[in-house]
2 protein chains.
Amino acid sequence: VSLPPGFAERCAAVVGPDHVLGARAELEPYATDFWRHTRGEAALVLRPRDTAEVAAVVALAAGHRVPLVPQAGNTGLVGGGVPDASGGQVVLSLARLDRVRAVDPAGDALVAEAGCTLASVQAAAEAADRLFPLSLGSEGTCRIGGNLAANAGGINVIRYGMARDLCLGLEVVLADGRVWNGLRTLRKDNTGYDLKQLFLGSEGTLGVVTAASLRLFPRPRERATLFLGVDSPATAVELLGRARGRFGELVSAFELIVATCVEAAVEHVPGVRFPLAEKAPWYVLAEVAWSLPEGLEAAADAWLEAALEDGLILDATRAQSEAQRAMLWRMREGISEAATRLGAIARHDVAVPVARIPELVERGAAVLREVAPDAYLIPFGHVGDGNLHFNVVLPRDTADLPAVRQRLQTAVFDLVGGLGGSISAEHGIGRAKRAELHARKPALDLELMGRLKAALDPEGILNPGVIV
Amino acid sequence: VSLPPGFAERCAAVVGPDHVLGARAELEPYATDFWRHTRGEAALVLRPRDTAEVAAVVALAAGHRVPLVPQAGNTGLVGGGVPDASGGQVVLSLARLDRVRAVDPAGDALVAEAGCTLASVQAAAEAADRLFPLSLGSEGTCRIGGNLAANAGGINVIRYGMARDLCLGLEVVLADGRVWNGLRTLRKDNTGYDLKQLFLGSEGTLGVVTAASLRLFPRPRERATLFLGVDSPATAVELLGRARGRFGELVSAFELIVATCVEAAVEHVPGVRFPLAEKAPWYVLAEVAWSLPEGLEAAADAWLEAALEDGLILDATRAQSEAQRAMLWRMREGISEAATRLGAIARHDVAVPVARIPELVERGAAVLREVAPDAYLIPFGHVGDGNLHFNVVLPRDTADLPAVRQRLQTAVFDLVGGLGGSISAEHGIGRAKRAELHARKPALDLELMGRLKAALDPEGILNPGVIV
């Protein structure tokens, strides 16, 4: 596959020759995904620095029918931001669009370009005494444009919603290179169809997000961060109900973690030590927070005591300092990486109705015994949202690992489907789950998605091979 | 205009002859909107009782190219649910689809049909010890399908979001009569494009909502409801910032009301009396709430005392009983109706960035002096969302009232546009604001809306003349 003659040169005239990458070694990091499961071939990498340059290169690509793969932080877990193996796709990196354009604390809003890291958006909010609540393991390197394109989730969804819910407006370069300016910061605007919803979660297949206006929240002033040992997922779900019953929406995180993952994090994440006196088969990491200056820690202790008395908790601690709190979250966020030391990982980012989490874990273990008897489950995740990273450790020397991963995925997705769940809770579809999506979604859903794609990208310029 | 021969009979075979209305007197209530500003002519009214019947009549209409106007509670304020004057449009009433299909307290979700009144959805949630937070003046008669189709707002948006934000899934009859089942209750589901977003807020122009799965929340256990006299909108905005700074997202309502509206409600709404000792030019009705059993009232009193000491409040009361609280909210919700006693009303449902509310009021008064010197402003609304019902009282004997209303609307919308605001915060576009939308939205926005309409309703069967 080769690019149309003169295409690279015309792009260089727009973005400057230093920002058109073509050498094999330069392309490689842009063509390989985070877990190194998907290795594509990029024809070229373009690195525009602002919206006008993005618009110009998209117009060039449209004119030459060159397929583009928008990429922000390249931390996606489903291959949605890397090119396919054809060698004909061009990576459009948004990384240089990294300015926070405006912060409006009175309006609880900020405007950031697509290439801002999530951490830099959080920091800009904090500097204005506000909270931008999207928070996930890769926040230091993932970029907000990717978070929005993938509708990212993370640890605070139970209270603040997904990336979609945190977005007030978008600036988008359309498939023909025109710029749609939907960068409003209003809380209410019912003037026709809400066009930004099209682009949120569409993984760069309907338009290229270049900037976003984002919702800010009051900063919590007091937090109670609890780490609990429990006997089972069923008890964790019961505790979640009790926590929501007592604290309502003040519950800002409620994570379930299998013991193996805590142990892996304690062993492999620097500075993390086991925080309890007693071991347990499962752990819960939960946080409640409010804007008032005091009273929440005492309320959390009372809640904890009642749960201990009722025999729901095997052992518990409440973080006594910001350093202890940070360590607990470092442990949580280090799990994915630490678990790679255990063997070859098969990952399944699934969701079920919260009440069916225990059934998912039980029946998942049975599925595993049948499909991969040498493997074991290491589930962890956002049980408050019904979302588990239902991961599996396989022996590294498993024969024909890709085939086993595939069989396992099919069996897990069958199980999740039977429980009324979702085969992609927060990671998206990308290239990795496209076949599963098409095999499992009703034909009418796929038809409607196809109509949207045809309406917004009739030439198929944007991220072909992803989702539709 | 006449319907195709045999159309009414075929519809009667689907929904039963009792539910095909054709007599003039029967049609009239379905063809007139809430404020009796828009009087259309319905060719027929169809009253199906379930999704299958809706699908069958939409298929019939599509086959005969008969335009349909979906209607739920007929409480919309922009003529989006009533037919035009052509006499060729058929009203499709969803009122008989009024069952709550399922309530899942553990999953914080319920599934309700489009014709359920908002009050009945609230009641179903409450019976399961949960809160469905959408709340607005017409909640006893408006229906959830209409709330979702219009993306309704109301008094709790500052905390819980708009109708769109409260929706987990939809069941929709498409323009060709097929049923799209998107009734998921999962909190997280990133499996392709989020198709429900298309139909939310599209006012029945892209599909007919027949049922919805809705988010429930923990019920507040303690509330503090405050009624404050203040000297100006600027002070109200300052108090809003102080309230959010102290209580964060626990602020669940923050309404600004001009004195005239409070006086009208006191005079005309049964059982409402003026709750303060001292009069003020403006009032704030605010509420904070949480799930904990106690402590909030004391915190609210301390906040109130500090604001009084700082001279921000002229007089204040906190509701001392549920009855007092109910009276304050009855006052608020009675304003629209009570204000009709003052004269002929020109209504403008607008939003601006919160910080610009005072400027909107000041400059709006200047606009009024120029355009309609006999008129006076009676703004009230959801200042916490930057949303004012920027209404105007005109003398009843104003010559050529429609033309004055039109001039006033143009001038107010020009002002709002200049402040970076929205000409429809929560009421939508319907028929009433379609021309203004098309005159004011960028051409690219209108083009994209047109592409969506063409993708989902290529024959233009659904609610022609609304939005697009």
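The values are calculated or read from the model by the stated rules, or taken from the named source; none is laboratory data. Just so it is clear, the structure is predicted and the values come from calculations on it, not from any experiment. Using ideal geometry, Cβ is built from the backbone for each residue, glycine included, and neighbour counts are taken over all protein chains shown. Each accessible area value is taken on the protein alone, full model and side chains, heavy atoms only, with ligands, DNA and RNA left out. Shrake-Rupley method; radii C 1.70, N 1.55, O 1.52, S 1.80 Å.
Given in Å, the Rg to one decimal and the Dmax to the nearest whole number for the Cα atoms of segment A:99-240 are 16.6, 56.
In this calculation the C-beta distance from A:D231 to B:E370 is compared with R0 = 51 Å, giving a FRET efficiency of 0.10.
Applying 1/(1 + (r/R0)^6) with r as the Cβ-Cβ distance of A:R178 and A:E359 and R0 = 60 angstrom yields a FRET efficiency of 0.75. To test your reading of the geometry: what angle, between 0 and 90 degrees and rounded to tens, separates the Cα axis of helix A:322-339 from the longest principal axis of chain A? Taking the Cα atoms of chain A, the angle to A:322-339 is about 60 degrees. Protein-only accessible surface at a 1.4 angstrom probe places the residues B:E267, B:E113 in the order B:E267, B:E113, largest first. What the pair-distance distribution of segment A:236-327 shows, using all Cα-Cα distances binned every 5 Å from zero, is 2, 12, 22, 27, 20, 12, 5, 1 percent. Sites listed here are trypsin sites (Lys or Arg not before Pro) in segment A:301-403 whose DSSP assignment is loop and whose Cβ has at most 13 other Cβ atoms within 10 Å: A:R396.
Over all Cα atoms in chain B, the spread is summed up by Rg and Dmax: 22.7, 75 Å. The alpha carbon convex hull volume per residue for segment B:347-426 rounds to 76 Å³. Could you work out what % of the accessible surface of segment A:325-379 is carbon and sulfur, using a 1.4 angstrom probe and leaving DNA, RNA and ligands out of the count? After summing per-atom areas, the C and S share lands at 49 percent.
Take the Cβ atoms of A:D301 and A:D400, set R0 to 51 Å, and the FRET efficiency comes out at 0.45. Helical runs (DSSP H, four residues minimum) scored at -39500 (n - 2.57) apiece and divided by the length of the protein assembly as shown put the mean residue ellipticity at 222 nm at -11000 deg cm²/dmol. Rolling a 1.4 Å probe over the protein heavy atoms leaves A:I158 with an accessible area of roughly 20 Å². Amide H contacts for B:S252 (H built 1.01 Å from N in the peptide plane; partners 5 or more residues away or on another chain; cut-off under 5 Å): B:E287, B:V288, B:A289.
Relative intensity of segment B:335-381 on a log10 scale, I(q)/I(0) at q = 0.25, 0.28 Å⁻¹, equals -1.07, -1.18, per a Debye sum over C-alpha point scatterers of equal strength in the absence of solvent.
Only protein heavy atoms count here; under a 1.4 Å probe, B:E238 has an accessible surface of about 100 Å².
Using only side-chain charges placed at the Cβ, +1 for Lys and Arg and -1 for Asp and Glu, the dipole size of segment A:327-432 relative to its Cα centre rounds to 140 debye. Only the Cβ atoms of Lys and Arg (+1) and of Asp and Glu (-1) were treated as charged; on that basis the dipole of the protein assembly as shown about its Cα centre amounts to roughly 1560 debye. Take each residue in B:347-355, count the other chain C-beta atoms within 10 Å of its C-beta, and the mean is 4. Each copy carries a label point for A:P5 at 7 Å from Cα along the beta-carbon vector; from one copy to the others these points are 6.6 nm apart, nearest first. Plainly put, the tip 7 Å out from Cα toward Cβ on A:P402 is 6.9 nm from that tip on each other copy, the closest given first.
Residue by residue, segment B:361-377 carries 3J(HN,Hα) couplings of 5, 5, 6, x, 5, 5, 4, 4, 4, 7, 7, 9, x, 7, 9, 9, 7 Hz when phi is fed to the Karplus relation 6.51 cos²θ - 1.76 cosθ + 1.60 (θ = phi - 60°); x denotes Gly or Pro. The order of A:F247, A:F34 by accessible area, most exposed first and with a 1.4 Å probe, is A:F34, A:F247.
Think of segment A:208-293 as a dipole: +1 on every Lys or Arg Cβ, -1 on every Asp or Glu Cβ, centred on the Cα centre; then among A:V209, A:C261, A:G245, A:V209 lies furthest on the positive end.
Length, then width, then depth: along the principal axes, the Cα atoms of segment A:283-423 run 56, 31, 28 Å. Could you give log10 I(q)/I(0) at q = 0.06, 0.09, 0.11 Å⁻¹ for the protein assembly as shown, computed by the Debye formula over C-alpha point scatterers of equal weight, without solvent? Treating every Cα as an identical point scatterer, log10 I(q)/I(0) equals -0.42, -0.99, -1.46. Only the Cβ atoms of Lys and Arg (+1) and of Asp and Glu (-1) were treated as charged; on that basis the dipole of chain B about its Cα centre amounts to roughly 880 debye. Based on alpha-carbon atoms, the Kirkwood radius and the radius of gyration of segment B:274-355 give Rg/Rh equal to 1.01.
Label-point distances for B:A302 to the equivalent site in the other copies, using a point 7 angstrom along Cα→C-beta, read 1.5 nm when ranked shortest first. Around the amide H of B:G428, modelled in the peptide plane, lie the amide H atoms of A:N190, all under 5 Å away and 5 or more residues distant in sequence or on another chain. The convex hull defined by the C-alpha atoms of segment B:98-182 has an orientation-averaged projected area of 5.6 nm².
In the context of the full set of protein chains, residues of chain A present 35 Å² of accessible surface per residue (probe radius 1.4 Å, heavy atoms only). Under the rule a/c < 1.5 gives rounded, and otherwise a/b versus b/c splits prolate from oblate, where does segment B:378-468 land using the Cα gyration tensor? Here segment B:378-468 falls in the prolate category. Between B:A326 and B:A128, the modelled label-to-label distance comes to 2.5 nm, taking each label 7 Å out from Cα in the direction of the beta carbon.
Taking 1.567 mPa s as the viscosity and 4 °C as the temperature, the Stokes-Einstein diffusion coefficient of segment A:242-290 based on its alpha-carbon Kirkwood radius rounds to 105 µm²/s.
The interface between chain B and chain A buries about 6400 Å² of solvent-accessible area in total (1.4 Å probe, ligands and nucleic acids excluded). The contact residues of segment A:170-214, meaning those that lose at least 40 Å² of 1.4 Å-probe accessible area when all protein chains sit together rather than their chain alone, are A:R178, A:W180, A:L186, A:R187, A:K188, A:N190, A:T191, A:G192, A:Y193, A:L195, A:Q197. Please go through the residue pairs A:K441/B:K441; A:K188/A:K441; A:K196/A:K441; A:K188/B:K453; B:K279/B:K441; A:K441/B:K453 and name each one whose alpha carbons sit more than 31 Å apart in this structure. Too far apart for the 31 Å limit: A:K441/B:K441; A:K188/A:K441; B:K279/B:K441. Remark on segment B:1-98: ratio of C-alpha radius of gyration to 2.2 N^0.38 Å is 0.98.
Treating only the Cα positions of segment A:50-130 as identical point scatterers, give the base-10 log of I(q)/I(0) from the Debye formula at each q in 0.14, 0.21, 0.23 Å⁻¹. One equal scatterer on each Cα of segment A:50-130 leads to -0.59, -0.97, -1.06.
Largest first, the residues A:L314, B:L285, B:L377 sort by 1.4 Å accessible area into A:L314, B:L377, B:L285. Placing pseudo-labels 7 Å out from each Cα toward the beta carbon at B:F274 and B:E9 gives an inter-label distance of 6.7 nm. In segment A:138-178, the C-alpha radius of gyration followed by the widest Cα-Cα span (Dmax) gives 12.1, 38 angstrom.
Comparing segment A:178-333 with the 2.2 N^0.38 Å rule of thumb, its C-alpha radius of gyration ratio is 1.34 (two decimals). Computed with a 1.4 Å probe over protein heavy atoms only, the accessible area of A:L250 comes to about 10 Å².
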